[in-house]
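What follows is one structure encoded as structure tokens, with my remarks underneath.
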Amino acid sequence: MIIKPKIRGFICTTAHPDGCAANVRQQIEFVRGKGTVAGLPKRVLVIGSSTGYGLASRIVPAFAGGAATAGVFFERPGEVDRTGTAGWYNSVAFEREAHAAGLYAKSINGDAFSDTVKQQVIALIKADLGQVDAVIYSLASPRRTHPKTGVTHKSCLKPLGTAFTNKTVDTDKGTVTEITIGPADDAEVADTVAVMGGEDWEMWMDALDAAGVLAPGVVTVAYSYIGPSLTWAIYRNGTIGRAKEHLEETADRITAKLAAREGRAWVSVNKALVTQASSAIPVVPLYISLLYKVMKEKGLHEGCIEQIHRLFAERLAPGAHPQPDEEGRIRIDDWEMREDVQAEVAAAWPQVSTETLPSLSDIEGYRVEFLRLFGFGLPGVNYDAEAATLQPLPSAS
């Protein structure tokens, strides 16, 4: 079928398989262009491996260090008259490229929060890899069914205590408006922590450890975000912030559990980027549009692949220094949070409106990046040609 983007709210309901493949190849080419990074983990499990930071976390150790990778995700395959999700096509493309390079790459598609998938992954590791040297936790889901209670928890994006009013942008229409979001109640806070906090990460590490599939010196990393003060009410000081605090506390517990095998758990605070998750957060897309303009003008802009390459090469590789902050977190958002960058974003914020949006922000760059998430707008792809929607994972055959 001929596939065009269909935007609904903050998501695109279609994905282009050839465009997704081109996007994956571009990221691989970037990593290859940086050369081999010595000492990277050779057996890597990525939980939430199909898009954004998770996908980049599979590409970097594979193509910078020759790692065997196992990926876990929950994506929809294509049908005859319906496209699969972008994450599905990304994963198909990654496996194809990895196999062509002689690298081990297998994937499991299912609910990563479930005990069933955890056991499937453990069985895969035992059969093929023996143990893993690194576990990357990069899940981004709006809901989680707890494997022990059966209760489905839904996260929310709300402030705490009082309502929050600030500017936001309709990225499709280019209109800047004010939005007011009421405060969360205790149940909503608890649900958000249950979905986006560290409990599932710890469950994964406990299950892997109990099964004996964690190698000596294993490193595990979960991703987080802090951001500037202008988004704190909805993010760091809101329901998501409570979940991220729980994630950081979990890192300390996991590190204590891994001490006997000289392992370590890290939380990596990453840069604000256009992702399917960030597009859903009020205020944040407007901030990203302003941030992109400033960082591009300063030559500091990075995408997911650049961020994760820097994380692995400069903070996690042997001989590198994680450079943790006072809370013990790795800060790969360091360029975003530079004083000069934040000062320019803060100066533009009061001035931005529907009329000034094109000149003060990189709203067009935001739109381009958003469509690229779904495989649209990639050079060298004929979007007027028929595309094959049915694409199985190579490792499943």
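The values are calculated or read from the model by the stated rules, or taken from the named source; none is laboratory data. Since the structure is predicted, the reported quantities are computational estimates derived from the model, not experimental observations. Because the Cβ atoms are built from the backbone with ideal geometry, glycine has one as well, and the counts that use them run over all protein chains shown.
One line per residue, one yes/no per condition, for (1) at pLDDT 95 or above; (2) surrounded by 13 or more Cβ atoms within 10 Å (Cβ to Cβ); (3) in contact with a strand residue (DSSP E or B) (Cβ under 8 Å, 6 or more places away or on another chain); (4) within 28 Å of Val269 (Cβ to Cβ):
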| residue | (1), (2), (3), (4) |
| --- | --- |
| Lys118 | yes, yes, no, yes |
| Leu129 | yes, yes, yes, no |
| Pro142 | no, yes, yes, yes |
| Gly150 | yes, no, no, no |
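What's the number of the condition Ser50 fails, among (1) of a type in the set (Gly, Ala, Ser); (2) in contact with a Gly (Cβ under 7 Å, 6 or more places away or on another chain); (3) touching a residue at least 60 places away in the same chain (Cβ under 8 Å)? If we test Ser50 against (1) of a type in the set (Gly, Ala, Ser); (2) in contact with a Gly (Cβ under 7 Å, 6 or more places away or on another chain); (3) touching a residue at least 60 places away in the same chain (Cβ under 8 Å), just (3) comes out false.
Pairs are defined by a Cβ separation below 7 Å, a sequence spacing of at least 6 or placement on different chains, a first member in the stretch 244-257 that is at negative phi, and a second member that is of a type in the set (Ser, Thr, Tyr); the pairs so defined are Lys244/Ser224; Leu247/Ser224; Ile254/Thr220.
Inside the stretch 134-159, can you point out the residues that are more than 28 Å from Pro61 (Cα to Cα), touching a residue at least 12 places away in the same chain (Cβ under 8 Å) and either among the aromatic types (Phe, Trp, Tyr) or part of a strand (DSSP E or B) (or both)? Matches in the stretch 134-159: Arg143, Arg144, Thr145, His153, Lys154.
One residue alone among Pro350, Pro318, Pro324 is closer than 30 Å to Leu124 by Cβ and either surrounded by fewer than 18 Cβ atoms within 10 Å (Cβ to Cβ) or of a type in the set (Gly, Ala, Ser) (or both), and that residue is Pro318. Restricting attention to the stretch 33-54, the residues being over 19 Å from the mean Cα position of the chain (by Cα) and part of a loop (DSSP other than H, G, I, E, B) number 8. Just to be sure before I move on: is Arg253 within 28 Å of Ser50 (Cα to Cα) and over 22 Å from the mean Cα position of the chain (by Cα) in the structure I sent? Judged against the criteria, Arg253 is a match. Scanning the stretch 58-82 for residues that are under 15 Å from Phe312 (Cα atoms), surrounded by 24 or more Cβ atoms within 10 Å (Cβ to Cβ) and touching a Gly at 6+ places or on another chain (Cβ under 9 Å) yields a count of 1. Once the stretch 327-347 is narrowed to residues that are over 21 Å from the mean Cα position of the chain (by Cα) and in contact (Cβ under 8 Å) with a residue 60 or more places away in the chain, the residue that is surrounded by the most Cβ atoms within 10 Å (Cβ to Cβ) is Val345. Of all the criteria given as (1) surrounded by fewer than 23 Cβ atoms within 10 Å (Cβ to Cβ); (2) under 17 Å from Pro41 (Cα atoms), the one not satisfied by Ala265 is (1). Flag not set for Ser361, criterion: over 30 Å from Phe63 (Cβ atoms), in contact with a Phe, Trp or Tyr (Cβ under 6 Å, 6 or more places away or on another chain) and modelled with pLDDT of 95 or more.
Of all the numbered requirements in (1) within 23 Å of Tyr383 (Cβ to Cβ); (2) in contact with a Gly (Cβ under 7 Å, 6 or more places away or on another chain); (3) surrounded by fewer than 24 Cβ atoms within 10 Å (Cβ to Cβ), Ile28 misses one, and that requirement is (2). Taking the criterion of being farther than 18 Å from Thr85 by Cβ and of a type in the set (Val, Ile, Thr), the residues of the stretch 25-58 that qualify are Ile28, Val31, Thr36, Val37, Val44.
Checking each residue in the stretch 296-333 for being touching a strand residue (DSSP E or B) at 6+ places or on another chain (Cβ under 9 Å) and assigned to a loop (DSSP other than H, G, I, E, B) picks out Pro322, Gln323, Pro324, Asp325, Glu327, Gly328, Arg329, Ile332, Asp333. Criterion applied to Asp191, Asp200 was being farther than 26 Å from Tyr287 by Cβ, in contact with a Lys or Arg (Cβ under 9 Å, 6 or more places away or on another chain) and either in a strand (DSSP E or B) or not aliphatic (A, V, I, L, M) (or both), and the one residue passing it is Asp200. Contact map, the stretch 14-32: first residue in a helix (DSSP H, G or I), second residue modelled with pLDDT of 95 or more and basic (Lys, Arg), Cβ cut-off under 7 Å, separation 6 or more or different chains; pairs are Asn23/Arg372. Quick one: would you say Ile125 is at pLDDT 95 or above, of a type in the set (Val, Ile, Thr), more than 19 Å from the chain's Cα centre (by Cα) and not in a strand (DSSP E or B)? So Ile125 passes the test. Being among the aliphatic types (A, V, I, L, M) and touching a Gly at 6+ places or on another chain (Cβ under 9 Å) is the filter here; which residues of the stretch 235-257 pass it? Result: Ala243, Leu247, Ala251, Ile254.
Somewhere in the stretch 168-175, is a residue modelled with pLDDT of 95 or more and either surrounded by 14 or more Cβ atoms within 10 Å (Cβ to Cβ) or of a type in the set (Gly, Ala, Ser) (or both)? Scanning the stretch 168-175, I find no residue that is modelled with pLDDT of 95 or more and either surrounded by 14 or more Cβ atoms within 10 Å (Cβ to Cβ) or of a type in the set (Gly, Ala, Ser) (or both), so the answer is no.
Taking the conditions (1) surrounded by fewer than 24 Cβ atoms within 10 Å (Cβ to Cβ); (2) of a type in the set (Ser, Thr, Tyr); (3) touching a strand residue (DSSP E or B) at 6+ places or on another chain (Cβ under 9 Å) in turn, Ser289 satisfies each one other than (1).
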